[in-house]
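J.: Can you read through this structure? Questions will come right after.
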Ligand code: XMP
């Protein structure tokens, strides 16, 4: 392994992630581990140059006072504590250290090198993946999202033709999205790609289903079923690649952090389909995943795309999905994205999309009364998707988008702009 590491031990602080980010921003790699790591486990980690005990004010986890085991203090590298007068270590930060204090600890006290960068990361991971997979084969569900695309590019670099990607088009993708996955991975990068057009199958299962959670469940379970069927057709696969990233792991809980939610990217596969997981991005934050994609040569539009929900346009075609309204969502979304790009808003706005509800309103087209669907535009900014504010789009841009949607999208006679922040609204409509 090329990079030095500073280990953060989680003693109940809510700011482990902030601290890990701050250290990585200095160019030094950092990982978070539970407080009860043993000295042996710590010694087994590569290139540890220093340890930070991060307990905030009281070091209480779930009502219980916690501490690290004594041997950590004598494990051979500098140990510092955040706000813990009783600690038997070299020093104490009264609060989360500022940049100067952190630099002094990381570089002067620990002697760490600023050698954390994507080039080294990719080289390390390629080596680790090759060691793990050997001459076996690895399967990957390639949705075309940032995480699965970057995993695909990394695995391709590491094991080439031993990688088999499966792309399931559930018919709820944005315009040209599946075509782009095929173009980039099959045509340009020459990956083994199994393309499955399961549009009719998904739309069949979703017919007449109007409850949003029910729709999500059907899309999720049908996805696993299709993927499983494809996996069974392939021989001799031992490994499954997954686009797990660091926030997934932190949110799923270190031993001390409460479990916020559990993540199963392609969880739910039947027990007789046993794969060993390959998760080369599991130590990266989202922006680092994007940087890794750039390092691997993926196109910018793939790496810097806005978040897109797993159930795709299925939760933007409100109520029971029909082909007519699904097409209206897809076409209006494509126009919105095109105009946002022209106006430079694609780099500024966090998430933007259109929604088509399942009711009609009266309008007039070609001097005749018409009864058609509205399109709702949504554009929001957020840091963590827990709260969001709306983007105040300039009128000329909004009017241009409205004009194009009304003239280019069939079955639509009205365009609305959603002004609601989260809360009270959610970002998606379903
Ligand atoms: P809400 O609508 O809850 O959305 O404010 C917050 C963020 O989560 C995305 N989202 C989903 N992502 N599967 C996903 O992978 C889903 O079922 C899902 N629902 C919402 C949403 O696009 C936004 O970025």
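Computed from the coordinates by the stated procedures, all read-outs in this text should not be read as laboratory data. Predicted model, so just to flag it, every value in this text is computed and none were measured. Here the Cβ is made from the backbone with ideal geometry for all residues, glycine too, and neighbour counts use every protein chain on show.
J.: Among 179, 295, what is the fewest-to-most ranking by other Cβ atoms within 10 Å?
T.: Numbers: 179 13, 295 20.
Least crowded to most crowded, the residues run 179, 295.
J.: Would you please give the FRET efficiency between residue 418 and residue 179, computed as 1/(1 + (r/R0)^6) with r the Cβ-Cβ distance and R0 = 41 Å, to the nearest 0.05? It would help to have the intermediate numbers written out before the result.
T.: Numbers: r = 29 Å, r/R0 = 0.71.
Efficiency, rounded to the nearest 0.05: 0.90.
J.: Further question: Share of Cα-Cα pairs in the range 313-358 beyond 11 Å, in percent?
T.: That fraction is 63 percent.
J.: Moving to a separate point now. Select from 71, 410, 391 the residue whose mean-square fluctuation is largest in a Gaussian network model of the chain (Cα-Cα springs shorter than 10 Å).
T.: Largest GNM mean-square fluctuation: 71.
J.: With no solvent and one equal point scatterer placed on each C-alpha of the range 5-109, evaluate the Debye formula and give log10 I(q)/I(0) for q = 0.16, 0.24 Å⁻¹, two decimals.
T.: For the range 5-109, the Cα-only Debye profile gives -0.61, -1.51.
J.: Only counting other Cβ atoms within 10 Å, I'd like 83, 358 sorted with the fewest neighbours first. Mind dumping the intermediate values first?
T.: Details: 83 19, 358 13.
Sorted ascending by nearby Cβ count, the order is 358, 83.
J.: Given axes a ≥ b ≥ c from the Cα gyration tensor, I'd like to know whether the range 1-67 is rounded (a/c under 1.5), prolate (a/b larger than b/c) or oblate.
T.: Since a/c reaches 1.5 but b/c is at least a/b, the shape of the range 1-67 is classed as oblate.
J.: Same structure, new question: Of all beta bridges DSSP finds with both residues in the chain, what is the antiparallel percent, to the nearest 5? Please list the in-between numbers first.
T.: Values: 15 of 57 bridges.
Here the antiparallel bridges make up roughly 25 percent for the chain.
J.: A further question follows. So what is the 222 nm mean residue ellipticity for the chain from helices alone, if each DSSP H run of at least 4 adds -39500 (n - 2.57) and you divide by all residues, rounding to the nearest 500 deg cm²/dmol? Walk me through the intermediate numbers first.
T.: Values: 13 runs with 140 residues, N = 430.
Using -39500 (n - 2.57) per qualifying helix, the result is -10000 deg cm²/dmol.
J.: Now a separate question. Quick one: Cα convex hull volume of the range 75-178, Å³ per residue?
T.: Given the Cα convex hull of the range 75-178, per-residue volume reads 205 Å³.
J.: Using Cβ contacts closer than 10 Å as the measure, can you line up 66, 28, 294 from fewest to most? Before the final figure, lay out the partial values.
T.: Working: 66 19, 28 24, 294 15.
Fewest-to-most Cβ neighbours within 10 Å comes out as 294, 66, 28.
J.: I've got another one for you. Cα axis of helix 212-233 to longest principal axis of the chain: angle in degrees, 0 to 90, nearest 10?
T.: 70
J.: Using only the alpha-carbon atoms of the range 118-303, report the extent along each of the three principal axes, biggest first, to the nearest angstrom.
T.: 51, 45, 36
J.: On average, how much area does the Cα convex hull of the range 315-417 cover when viewed from any direction, in nm²?
T.: Details: hull surface 27.8 nm².
Approximately 6.9 nm², given one-decimal rounding.
J.: Can you compute the modelled spin-label distance between residue 397 and residue 201, with each label point 7 Å from Cα toward Cβ, in nm?
T.: 4.0
J.: Let me ask something additional. Please report how far the C-alpha centroid of the range 305-343 lies from that of the range 360-409, rounded to the nearest whole angstrom.
T.: So the separation of the two Cα centres works out to 12 Å.
J.: Taking only the alpha-carbon atoms of the chain, what semi-axes of the equivalent ellipsoid follow from 5 times the gyration tensor eigenvalues under a square root, in whole Å, largest first?
T.: On the way: eigenvalues 384, 144, 78 Å².
Taking √(5λ) for each Cα gyration eigenvalue gives 44, 27, 20 Å.
J.: Evaluate E = 1/(1 + (r/R0)^6) for residue 108 and residue 74, where r is the Cβ-Cβ distance and R0 equals 22 Å; express this FRET efficiency to the nearest 0.05. Walk me through the numbers before you get to the answer.
T.: Working: r = 21 Å, r/R0 = 0.96.
About 0.55, to the nearest 0.05.
J.: What length, rounded to one decimal in nm, is gained on full extension from residue 276 through to residue 359, with 0.36 nm per residue of separation minus their alpha-carbon distance? Spell out each step's value before the answer.
T.: Working: separation 83, 0.36 × 83 = 29.88 nm, distance 4.71 nm.
Extra length available between residue 276 and residue 359 comes to 25.2 nm.
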